[in-house]
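These notes are about the structure you will find just below.
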Amino acid sequence: PLSINKFDEYQLASDVGPDKATDKKIIWKSLDPDIVRVDENGKVEGVGTGKGIVLVSSEDGNASTEVTVNVGQPLTGIAVPEVVNIEKGETSSVKTYLKFLPTDATNITSVTYTIDNDYYVSLKSNGVFTGNRIGKDVIKITVTDDKGEEYYADLNVNVTSPGSGENGNGNSKY
């Protein structure tokens, strides 16, 4: 299969035989135009992520083949909100707040979450966290792509008192 990135173009090659063939015109058709487009000369373009098929056939339909095109989208960054507020005893997930840039990135190989200690917030390896005590903590996020490049973000978690509006600083969150 051919692998390209979204928005990349690639010229497919064709060889019509035998040499004595009188009609050497080739018809190119994408069977998945939401993933890969192809022009009348066999130039493909990735337009969505996933696996697409390009049908290559002779004009008379007597010969044909398919080309599989895998279209990916490289990760360019990650983002989280500036602060996340949860109540003491409440459980949430980093995955709720973590955004991949672009959102359809396909080359992510790992996502890890760490926290310095679990006094205010406890964290499981799958990104689920719980507010233990009123206060603040930081969950460190590392995302690695298929080239080994790492992207980092800090998710600031503010644990508040259940139902009181207290935000841990003596100030109302309302």
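The values are calculated or read from the model by the stated rules, or taken from the named source; none is laboratory data. What you are looking at is a predicted structure, and each value in this text was computed from that prediction instead of being measured. We place every Cβ from the backbone using ideal geometry, glycine too, and count neighbours over all the protein chains shown. Only protein heavy atoms, including side chains, enter the accessible area calculation; ligands, DNA and RNA are left aside. Shrake-Rupley method; radii C 1.70, N 1.55, O 1.52, S 1.80 Å.
Note on region 76-102: residues that are among the hydroxyl-bearing types (Ser, Thr, Tyr), farther than 16 Å from residue 152 by Cα and either touching a helix residue (DSSP H, G or I) at 6+ places or on another chain (Cβ under 7 Å) or open to solvent by 40 Å² or more (accessible area, probe 1.4 Å) (or both) total 2. Considered as a group, the residues in region 103-121 that are over 30 Å from residue 7 (Cα atoms) and crowded, with 16+ Cβ neighbours inside 10 Å include one that is nearest to the chain's Cα centre (by Cα), and that residue is 113. Scanning region 1-40 for residues that are touching a Leu at 6+ places or on another chain (Cβ under 9 Å) and farther than 14 Å from residue 69 by Cα turns up just one, 27.
Just one of the listed residues (76, 109, 144, 130) is over 30 Å from residue 47 (Cβ atoms) and either touching a residue at least 24 places away in the same chain (Cβ under 8 Å) or among the acidic types (Asp, Glu) (or both), and it is 130. Here is the figure for region 117-136: residues that are part of a strand (DSSP E or B) and either closer than 27 Å to residue 75 by Cα or modelled with pLDDT under 95 (or both) total 3.
Within region 1-16, count every residue that is closer than 30 Å to residue 101 by Cβ, open to solvent by 100 Å² or more (accessible area, probe 1.4 Å) and assigned to a loop (DSSP other than H, G, I, E, B).
Going through region 1-16 one residue at a time, the tally reaches 2.
Within region 1-55, restricting attention to residues that are at pLDDT 95 or above and of a type in the set (Lys, Arg), the residue that is nearest to residue 104 (Cα to Cα) is 6. Screening region 17-61 for strands (runs of 3 or more DSSP E) wholly inside it with 2 or more residues that are open to solvent by less than 90 Å² (accessible area, probe 1.4 Å) and without any contact (Cβ under 8 Å) to a residue 24 or more places away in the chain returns the ranges 50-58. Criterion first (in contact with a Ser or Thr (Cβ under 8 Å, 6 or more places away or on another chain), free of Cβ contacts under 8 Å to residues at least 60 places away in the same chain, of a type outside the set (Lys, Arg) and surrounded by 12 or more Cβ atoms within 10 Å (Cβ to Cβ)) does residue 64 satisfy it? Criteria met by residue 64.
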